[in-house]
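All remarks here apply to the structure that follows.
The values are calculated or read from the model by the stated rules, or taken from the named source; none is laboratory data. Small disclaimer: the values here were computed from a predicted structure and weren't measured. Because the Cβ atoms are built from the backbone with ideal geometry, glycine has one as well, and the counts that use them run over all protein chains shown. All accessible areas refer to the heavy atoms of the entire protein, side chains included, with ligands and DNA or RNA removed. Shrake-Rupley method; radii C 1.70, N 1.55, O 1.52, S 1.80 Å.
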Amino acid sequence: MRKLAFAGLAAIAAAVLTTTGLASATDPPASSLVQISSFGANPGALAMYTYTPAGLETGRPVVVALHGCTQSAADYYAHSGWPALADRWRFEVVFPQTSTANNSLKCFNWFLPADDTRGNGEAASIKSMVDKAVADHGSDTSRVFVTGLSAGGGMAADLLAAYPDVFAGGGINAGLPAQCATSITQTSSCQQNDQHLTPAQWASRVTAQYPGYSGPWPRVAIWQGTGDYTVYPVNGTELRDQWTAVHGVSQTPTSTQSLPGGTTLTTYADKVQLYSIAGMGHGTAVDPGTGATQCGSTGAYFLAGICSSYYTGVFFGLDKGSGTTTTATPTTTAQSGTCVSASNYAHTQAGRAHESGGQTYANGSNQAMGLWNTFTTHALRETSPGYWILADGQC
């Protein structure tokens with residue numbers, strides 16, 4: 001069964017390879033990656049690659065980035081934008097890689113309990129990689145995150161369920177709800193159809209993976225193209241239902257915002273974000289360029305529009321503590337959390353907010369703050385690490 005193809009992606013993989021001319025028999029070279037040949041227990045028979053910024057300090061975060069079907073660690077390194085963000089914000093990236101020995105399309109086996117549950121198979125191998133990265137670089141174990149595309153996104157969701165004590169957050173790109181399928185025969189139904197489960201039923205599939213665990217649960221960013229006919233848009237809705245219910249928050253958004261690339265962001269408390277990209281097909285959204293919010297390069301399953309890695313990184317709080325400073329004086333309020341009054345420019349320089357198209361948005365909540373300049377002033381309050389909300393009149 002481990003050698004069976006991820007059936008629902010077979011046709012799309014063939015189409016992409018035909019239209020892009022990328023039907024190479026071998027993976028692209030991973031010249032900028034370092035392969036870690038020994039990283040502990042490896043029951044899932046995976047390969048470990050890492051990208052470590054030069055002179056990386058101790059106490060920095062770790063991001064695990066899982067490639068999609070037909071891809072490799074080198075593909076995700078080359079196109080996703082995560083290495084450039086690692087250089088900017090100072091964190092390590094771990095790129096696990098599966099093989100045709102595990103799955104004929106090189107998909108992570110998000111649908112097999114022998115591979116996607118705590119202590120087993122590929123999931124256990126990825127946990128070993130995290131342990132190795134932490135041991136090698138003295139990483140901050142409270143800031144370990146996982147992201148992935150398609151089958152990698154499905155595995156990311158499974159890892160969040162299986163190891164909520166390891167991962168503080170996840171970014172799921174065109175992925176599947178945790179434990180949607182438990183056999184290869186169920187994969188197509190999960191990819192294409194509404195499973196007609198309530199949020200509570202979806203949540204139970206998460207909580208059953210680590211019995212007795214009481215939290216905190218990982219925060220989750222969900223990315224879904226409305227034109228995706230490989231992993232249908234209903235999966236974004238089901239992921240939203242699953243993780244809001246896990247966190248015990250409403251499925252009614254607390255805010256809605258328009259972002260570049262035809263993207264609509266809906267936020268649910270400070271726990272779950274759903275990014276819906278109008279018309280985008282199956283892939284990871286990238287935005288090539290040198291702007292502050294841009295990253296990545298286009299390729300098979302890497303589609304131009306918005307830099308999903310950037311916004312996911314901000315949601316994770318990776319832009320915190322990257323060396324920027326501000327002269328604003330923080331104070332605290334009865335609502336708890338650091339509260340800072342400063343100009344929009346100072347907020348962005350200090351890593352509390354970011355600029356896009358001349359406008360300013362709070363990191364984490366992505367609440368609109370107006371023009372990016374030194375004249376527009378707002379108060380921001382940090383409600384959880386890296387998550388800032390407007391707090392005018394509260395500082």
Excluding residues fewer than 8 positions from Lys127 in its own chain, the aspartates and glutamates with Cα under 16 Å of it are Glu92, Asp115, Asp116, Asp136, Asp140, Asp158, Asp165
In the chain, helical segments from DSSP H whose Cα atoms cover 18 Å or more along their own axis and that average at least 0.0 on the Kyte-Doolittle scale are 7-20
In Å², rounded to a whole number, the accessible area per residue of segment 144-215 with probe 1.4 Å is 29 Å²
Looks like segment 50-98, by Cα gyration tensor root eigenvalues a ≥ b ≥ c and the a/c under 1.5 rounded cutoff (else prolate when a/b is bigger than b/c, oblate otherwise), is prolate
Toy charge model, Lys and Arg Cβ at +1, Asp and Glu Cβ at -1: the chain dipole around Cα centroid in debye, rounded to 20, equals 180 debye
Answer in debye to the nearest 20: the dipole magnitude of segment 34-135 about its Cα centre, from +1 Lys/Arg and -1 Asp/Glu charges placed on Cβ, is 100 debye
The FRET efficiency for Ala292 and Ser142, from their Cβ-Cβ distance with R0 = 22 Å and rounded to 0.05, is 0.25
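Expected output is a single nm value to one decimal: the length gained when fully extending between Val34 and Glu57, i.e. 0.36 nm times separation in residues minus the C-alpha distance. What is it? Show your work: numbers first, answer last.
Numbers: separation 23, 0.36 × 23 = 8.28 nm, distance 1.78 nm.
Between Val34 and Glu57, full extension yields 6.5 nm more.
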Which of (i) 39, 24, 21; (ii) 36, 21, 20; (iii) 32, 22, 21 is the computed semi-axes √(5λ) of the Cα gyration tensor in Å? It is (iii)
Per the helix-only model, the chain has a calculated mean residue ellipticity at 222 nm (DSSP H runs of ≥4, -39500 (n - 2.57) each, divided over all residues, rounded to the nearest 500) of -8000 deg cm²/dmol
Gln192 and Val234 label points (each 7 Å along its Cα→Cβ direction) are spaced in nm at 1.1 nm
For segment 218-253 the chymotrypsin sites (Phe, Trp or Tyr not before Pro) that pass both the DSSP coil test and the at-most-16 other-Cβ-within-10 Å test are Tyr229
Quick calc: nm separation of the 7 Å Cα→Cβ label points for Thr226 and Ala45 -> 4.3 nm
